[in-house]
Amino acid sequence: MPDWQEIVCQRLTPLGLEAKRQEEIVAELSGHLQDLYEDLVRRGKPREEAVQYALRTIADWDELRSEIRSAEQEEDIMDRRVKALWLPGAGTTAVFMALFQFFQPWLPKPHAAWAWHGTFLVLNWQWLLCLPVVGAFAAYWSRRAGGGAVQRALASSSPALGLCGFLAGCLSLVFVHDLPDSLSLRFMALASWGMFLWGVLPALALLLGALPFLKGGQRQPARGV
C-alpha cells in the first residue's frame with residue numbers, strides 16, 4: 001500500500017502555512033488519492049498503474065500549491081475582515097439602537113429640536129453623550145481582532161453611517177419622483193437636517209470615542225482563534 005501522505009507531502013510542500021493547517025491539507029488530498037487508488041485496484045487495475053493514474057489526476061503540483069496558498073490567504077483576509085469589521089460593527093449598531101430606544105421614553109422632550117412648518121426633528125442629547133463610549137468599545141474590539149485604523153473607524157461609526165445612507169436614499173426620492181416644489185423643498189430640508197442630527201453628529205460622537213484606539217499598530221490574532 002503506497003504511503004499517500006508521504007507522496008503528497010513530497011510533491012506539495014512547503015505550502016508556507018501553519019503546520020497544523022498544512023497537515024490538514026495534506027491529509028485531505030492524500031485521502032482523496034488513496035480512495036481513487038483503492039477504487040482502481042478493486043476494478044482490476046495493477047497497483048503500479050493505479051498509483052500513476054491517481055497521481056496524473058493532478059496535472060501540475062506547483063500550480064496546485066499556488067492555488068492553495070492563494071485560497072488560504074483570501075480566506076484569512078475574509079476571516080479577519082469579519083472579526084475586525086463586521087462583528088464589531090454589528091455589535092455597535094445593536095448597542096447604538098438599544099440606547100436610542102432606552103432614552104426615548106424616560107427623558108423629557110424635546111432635548112433639542114429643529115422646527116420647520118410645524119415639523120420637529122428631535123435630538124436626544126443624553127443619547128448623543130453616550131455614543132463616545134460605544135465608539136470606544138467598537139474600536140477596541142476591532143483592534144483586538146487585528147483591525148487596522150480604517151477598520152476600527154468604520155466599525156465605530158457604522159450605525160451612524162448606515163443612517164446617513166438610509167436618509168440619503170430618502171433624499172434621492174425627491175429627484176426620482178415629480179413632487180410639487182413646496183413639498184420637495186420641505187422633504188429635502190427634513191432629510192438633510194435628519195441626516196445631520198441623526199447621522200453626522202452621532203458619527204462624530206462615535207469617532208471621538210474611537211480616537212484613542214485608532215493609534216497604534218495592528219494586532220495580528222492567532223489563526224483559528
Problem - ILE77 of a type in the set (Val, Ile, Thr), in a helix (DSSP H, G or I) and at pLDDT below 75 - result: yes
Exercise for the section: Residue by residue through the range 65-79, note down the ones that are of a type in the set (D, E, K, R) and surrounded by 15 or more Cβ atoms within 10 Å (Cβ to Cβ). Expected result: ARG65, GLU72, ASP79
Practice task
For the range 106-113, state whether one or more residues are of a type in the set (Phe, Trp, Tyr), loosely packed, with under 12 Cβ neighbours inside 10 Å and either modelled with pLDDT under 85 or in the same structural domain as MET195 (by TED's automatic domain parsing) (or both).
Solution key: yes
Practice task
Kindly indicate whether any position in the range 37-50 is modelled with pLDDT of 85 or more, of a type in the set (Asp, Glu) and under 40 Å from the mean Cα position of the chain (by Cα).
Solution key: no
Exercise for the section: Report, ordered by the first and then the second residue, all pairs with beta carbons closer than 6 Å, sequence separation of six or more or different chains, a first member in the range 14-31 that is over 14 Å from SER70 (Cα atoms), and a second member that is at pLDDT 80 or above and aromatic (Phe, Trp, Tyr). Expected result: SER30/TRP4
Practice task
Report, by residue number, each residue of the range 199-225 that is at pLDDT below 80 and either over 21 Å from the mean Cα position of the chain (by Cα) or on the phi > 0 side of the Ramachandran plot (or both).
Solution key: GLY216, GLY224
Problem - Residue match in the range 130-147 (condition: closer than 17 Å to ALA94 by Cα and either modelled with pLDDT under 80 or of a type in the set (Val, Ile, Thr) (or both)) - result: yes
Handout entry: Residue satisfying all of: in the range 187-201; touching a residue at least 60 places away in the same chain (Cβ under 8 Å) and closer than 13 Å to GLY165 by Cβ; surrounded by the fewest Cβ atoms within 10 Å (Cβ to Cβ) among these
Key = GLY194
Exercise for the section: Look through ASP39, ASP62 and report the one residue that is among the charged types (D, E, K, R), loosely packed, with under 11 Cβ neighbours inside 10 Å and in a helix (DSSP H, G or I). Expected result: ASP62
Completion exercise
How many residues of the range 22-36 are buried (at least 16 other Cβ atoms within 10 Å of the Cβ) and either farther than 23 Å from TYR53 by Cα or within 34 Å of the chain's Cα centre (by Cα) (or both)? The answer is 5
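The values are calculated or read from the model by the stated rules, or taken from the named source; none is laboratory data. Owing to the predicted nature of the structure, the values given are computational and were not obtained by experimental measurement. Ideal geometry is used to build each Cβ from the backbone, glycine not excepted, and the neighbour counts take in all protein chains shown.
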